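S.K.: Just dropping this structure here.
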Amino acid sequence: MGSLVSALASWLDAKANQGLWLIRIEDIDRERCQCHFSQLIIEQLMRCGLTSDLEIVYQSQRLQIYESYTKQIADQNLLYQCLCSRANILSALRHSNNDPQVKSLVYPGTCRDNSLHLPPTNQPFSLRVKTMDCCENWEDRKIGRQLQNVFSEVGDFVIKRSDGPYSYQLCVVVDDIEQSVTHVVRGEDLADNTPRQNYLYKLFHHAPPAYLHVPLVKNKQGEKLSKQTFAPEIDLESSQSILTSMKTAAHFLELRSPLKPNAPLSAHLHDWTDQWSLKYPLVPSNP
């Protein structure tokens, strides 16, 4: 249900503003993302009346593009090899703070003086981008003004992991630039990623999109509904169950369903689009 809420919200935002709605399969981690899962997601969205307006993009097919953008950062001398593991980082933070209970993973800059081209080593390494001591801020269309100092609250962050794949932060920014994305609608759990992504937009000399982060669907324990919390899959086997699920998602987004019970899904989608345009009027993407 959480995924359906995010999909419906972003679809409505595009349609309410005469835009294009894009499906992108973020399958950069090939061990976790199997082809049949991607196809199932696409089929499920189609059953819900949500189809991509342009050709579907698969991140696993775009590695050369990510590599070329990574080189742009390297050319600015803002990229370095990092040999730290998660355990190393946590240990360094606990030692520097003299507190064994520290759980924060703000990167302490252990490898910041490393060159991008270290001598060959058997030790795996990631690529980190250097951050600056300044604040990233944006006006979110749902949650309002947001502010974060990436340097002090996150630290230099990874754009290519030690086990191979490029990071989520890099890939979505590059894809948004390449696909001319102007508005992003997604779950509020991703709001904390936005400052890092906006920082990358600046490095690529590109304006970031406008953002709208919708609330998360949670269980009774206050946990986000996800595979990790064993959230049940929604029933999409019949037109009636699909309509019921879509109505539930729309209700969560504070949209009414005043049409007759036997009205088709297409009519509900049209009505919800009208409601959305009044609830979230379009704002221009950032200059």
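The values are calculated or read from the model by the stated rules, or taken from the named source; none is laboratory data. Keep in mind that this is a model prediction, so the values were computed, not measured. Glycine gets a Cβ as well: all are built from the backbone with ideal geometry, and neighbour counts include every protein chain shown.
S.K.: Only one of 113, 53 is modelled with pLDDT of 95 or more and either over 19 Å from residue 170 (Cα atoms) or of a type in the set (Val, Ile, Thr) (or both); which?
M.R.: Being modelled with pLDDT of 95 or more and either over 19 Å from residue 170 (Cα atoms) or of a type in the set (Val, Ile, Thr) (or both) holds for just one of 113, 53, which is 53.
S.K.: In addition: What number of residues within the range 256-274 are free of Cβ contacts under 8 Å to residues at least 60 places away in the same chain and closer than 24 Å to residue 218 by Cα?
M.R.: 2
S.K.: Report, by residue number, each residue of the range 7-30 that is more than 16 Å from the chain's Cα centre (by Cα), within 28 Å of residue 159 (Cβ to Cβ) and modelled with pLDDT under 95.
M.R.: 30
S.K.: While we're looking at this one, here's another question. Residues that are more than 25 Å from residue 183 (Cα to Cα) and not basic (Lys, Arg): which helices (runs of 4 or more DSSP H) entirely in the range 1-86 hold 2 or more of them?
M.R.: Those helices (runs of 4 or more DSSP H) span 35-47, 63-75.
S.K.: In the set 151, 125, which member is surrounded by 12 or more Cβ atoms within 10 Å (Cβ to Cβ) and free of Cβ contacts under 8 Å to residues at least 24 places away in the same chain?
M.R.: One residue alone meets the criteria, 151.
S.K.: On to the next question. Step by step: first the residues of the range 75-97, then only those that are exposed (fewer than 15 other Cβ atoms within 10 Å of the Cβ) and of a type in the set (Gly, Ala, Ser), then the one that is farthest from the chain's Cα centre (by Cα). Which residue is that?
M.R.: For the range 75-97, the residue satisfying everything is 96.
S.K.: Report yes if some residue within the range 256-272 is of a type in the set (Phe, Trp, Tyr), modelled with pLDDT of 95 or more and closer than 30 Å to residue 107 by Cα; otherwise report no.
M.R.: Checking the range 256-272: not a single residue is of a type in the set (Phe, Trp, Tyr), modelled with pLDDT of 95 or more and closer than 30 Å to residue 107 by Cα.
S.K.: Continuing with this model, one more query. Which of (1) surrounded by 13 or more Cβ atoms within 10 Å (Cβ to Cβ); (2) at pLDDT below 95 is the odd one out, the single condition residue 130 does not satisfy?
M.R.: Here residue 130 clears every test but (2).
S.K.: Would you confirm whether any residue within the range 138-156 is at pLDDT below 85 and not charged (D, E, K, R)?
M.R.: no
S.K.: Let me ask something else. Quickly run through the range 169-224 and pick out the residues that are hydroxyl-bearing (Ser, Thr, Tyr) and under 26 Å from residue 56 (Cβ atoms).
M.R.: Across the range 169-224, the qualifying residues are 180, 182, 194, 201, 211.
S.K.: Moving on. Select from the range 236-255 the residues that are surrounded by fewer than 18 Cβ atoms within 10 Å (Cβ to Cβ) and either free of Cβ contacts under 8 Å to residues at least 24 places away in the same chain or over 25 Å from residue 218 (Cβ atoms) (or both) and list them in ascending order.
M.R.: 237, 238, 239, 240, 241, 244, 251
S.K.: Now, a different point. Yes or no: the range 191-202 includes at least one residue that is part of a loop (DSSP other than H, G, I, E, B) and touching a Leu at 6+ places or on another chain (Cβ under 9 Å).
M.R.: Scanning the range 191-202 turns up no residue that is part of a loop (DSSP other than H, G, I, E, B) and touching a Leu at 6+ places or on another chain (Cβ under 9 Å).
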